[in-house]
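As structure tokens, the structure follows; a few thoughts come after it.
Please treat every number below as a calculation from the coordinates, not as lab data. Fair warning: this is a prediction, and the values are worked out from it, not measured in the lab. Ideal geometry is used to build each Cβ from the backbone, glycine not excepted, and the neighbour counts take in all protein chains shown.
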Amino acid sequence: MEYISKVTLDRPRTLAELTSMLIEKPESELIAGGTHIMSRPDYFPKSDFHSYISLDKVQELHRVSHTDKFLELGSMQTIQNLLNTASTTLSPDVYNAISRITSTPLKSKITIGGSLCLADSRTTLCSILAAVKAEADVRFITVKGDKKAKIHSRWMPVYKLYDSNGRYLYSDANTVLTRIRIPSAPNSTFIYDRVGSITNGSDHFVSVTIEFTLGQTSIITNPSFCLSFLKNGFYFVQGFDSFLSALKFPLESEDKKKIALFLSKHLPRECPAITPLQLERALRLTLNATEKVNRLIMDQ
Amino acid sequence: MKIQCVIDGEEKVLSESPDKPLHKILSEQVPSFSVNNNCLGSSCGNCLVIVNGAYTLACLTPAFKLDGANIQTYESFSKTRLARDIFRAYTEVGSHPCSQCYASKTLLIASIVLMVEKADELAGILQAGRNLYQRKSVLDENFVKQEMRIHKCVCMEISHIEKIVALVCEYRQRSNGIYK
């Protein structure tokens, strides 16, 4: 059956081509792996005209490079490619957490950039990359009047890409996330846990991610803590990190109460959209995670 | 847009909208392809197909990515040796998928078998007689459960699927991998 297509599709091959297309057609929607766009109920057939720019052929977005300090991946690399290339760079705990995100057929389709740039959903990958202090290279394109387009790019920590409600801050057509840099931290400890499913549309999804280095005096150093509530919030607060650093492990029940109190006071204020069940789950997952830290220290 | 591809060994030239999902194309091109798969990516898992050797959900594959692709549905997969090994394991374990998901779950089990074999090869422990549980050094104990999460239908127990995967690996190891 032949359709009169209401869709135009462009497939640029270089970043320069992509930039000029974005300037020419600012209303276009970017397609990375397509898993998010294609799962929208109104995806096909379209009732009105629509313009897409597919990023799958842009060579620069597929590059991978290693140094002893970090692994750098183009944003069009899939989660499965990340796992294949980073098996020696990532710590085993981080590797396992990423491999548990979803099943392989989906991991081979979901791109890192697509996952990080969803406008309103903070998936597991976002919280894992935020916790391991990954950085993203965001390219900004500005056009003023008839002047030539101005392009500048900036590396920024992944957690700074989102507001506390979990919304992606750079979702307008003039920004493109091009690369991700994951620091190599073989000595760090990483804890990840979650409740609820992303694919089955859970409104009560919560994931907790903690990364830290264990000092010799039972004090954890350089911790990062991240809670993701899918569509309802994204919590990555430096204040909680310093709060955790100040605690001496293994934690006593008094310390755990302090953590619960801190979170129950701060979370509803920082992420007002989270449900009461998500708050309860976040508290329990965090306390479980601190219990795991306790056990790690006692095993040392 | 014009798309040249191979579907179940047959060369096709299609004229499709670039955003059209593969499962819609297949339901027009392959008479036996299940049309019970309009979940739009929320993991019903019923539209699993093999595109260029990779197991993928047809509802999440747009037409513009199919130019030059080799697409294999259950129709042609069911004639392979791997499929016959899986059918034999169904009988031996006494458990098989329901009629709604038979095709897609068989394909998913095939993909798990191939992943287990790859993991074994990587770890250099390709030895006959090893069961799935002895492979824990290579694969996470929840590996099968996690891979099955892509499929919503719960007509089979995970423990049965684990046994089927282990049996199929065993059959294939006995044949020295010549049926790959």
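A few notes on this one:
- Amide H partners (placed H, <5 Å) of A:Tyr52, local residues excluded: A:Thr8, A:Leu9, A:Asp10, A:Glu29
- The relative contact order of the range A:38-79, computed from alpha carbon pairs under 8 Å that lie at least 6 residues apart in sequence, is 28 percent.
- GluC sites (Glu not before Pro) restricted to the range A:252-292 and DSSP loop, no more than 16 other C-beta within 10 Å: A:Glu252
- Helix-only arithmetic for chain A: the sum of -39500 (n - 2.57) across DSSP H runs with n ≥ 4, divided by the residue total, places the mean residue ellipticity at 222 nm at -9500 deg cm²/dmol.
- Residues of type lysines that A:Lys69 reaches as a straight line, Cα spacing below 17 Å, ignoring anything fewer than 8 places off in the same chain: A:Lys133
- Excluding exposed DSSP-loop chymotrypsin sites (Phe, Trp or Tyr not before Pro) (at most 14 other C-beta within 10 Å), longest clean stretch of chain A: A:50-300
- For the range A:293-299, 3J(HN,Hα) computed residue by residue from phi via the Karplus equation (6.51, -1.76, 1.60; θ = phi - 60°) reads 4, 3, 5, 4, 5, 5, 6 Hz, glycine and proline entered as x.
- Computed over the range A:60-183: relative contact order in percent, which uses C-alpha pairs under 8 Å that are six or more apart: 30 percent
- For B:Leu48, distant residues with modelled amide H under 5 Å away: B:Ala58
- Scanning residues 5 or more positions from B:Ile7 or on other chains, those with amide H under 5 Å from its amide H are B:Lys12, B:Ile71, with H placed 1.01 Å from N in the peptide plane.
- Coil-residue GluC sites (Glu not before Pro) of the range A:1-106, DSSP, other Cβ within 10 Å capped at 11: A:Glu2, A:Glu27
- Each 5 Å bin, from zero up to the one with the longest distance, holds this percent of the alpha carbon pairs of the range B:1-106: 2, 12, 23, 24, 18, 11, 5, 3, 1, 0.
- Over the range A:1-82: Kirkwood hydrodynamic radius from C-alpha pairwise inverse distances, Å: 14.6 Å
- When each of B:Lys24/B:Lys163; B:Lys65/B:Lys145; A:Lys148/B:Lys2; A:Lys107/B:Lys145; A:Lys25/A:Lys231 is checked by Cα-Cα distance, pairs over 25 Å: B:Lys24/B:Lys163; B:Lys65/B:Lys145; A:Lys148/B:Lys2; A:Lys25/A:Lys231
- When only alpha carbons are used to place a centre, the range A:128-183 and the range B:142-162 end up 38 Å from one another.
- Alpha-carbon gyration tensor eigenvalues x 5, square-rooted, for the range A:100-239, Å: 28, 20, 14
- Comparing the protein assembly as shown with the 2.2 N^0.38 Å rule of thumb, its C-alpha radius of gyration ratio is 1.03 (two decimals).
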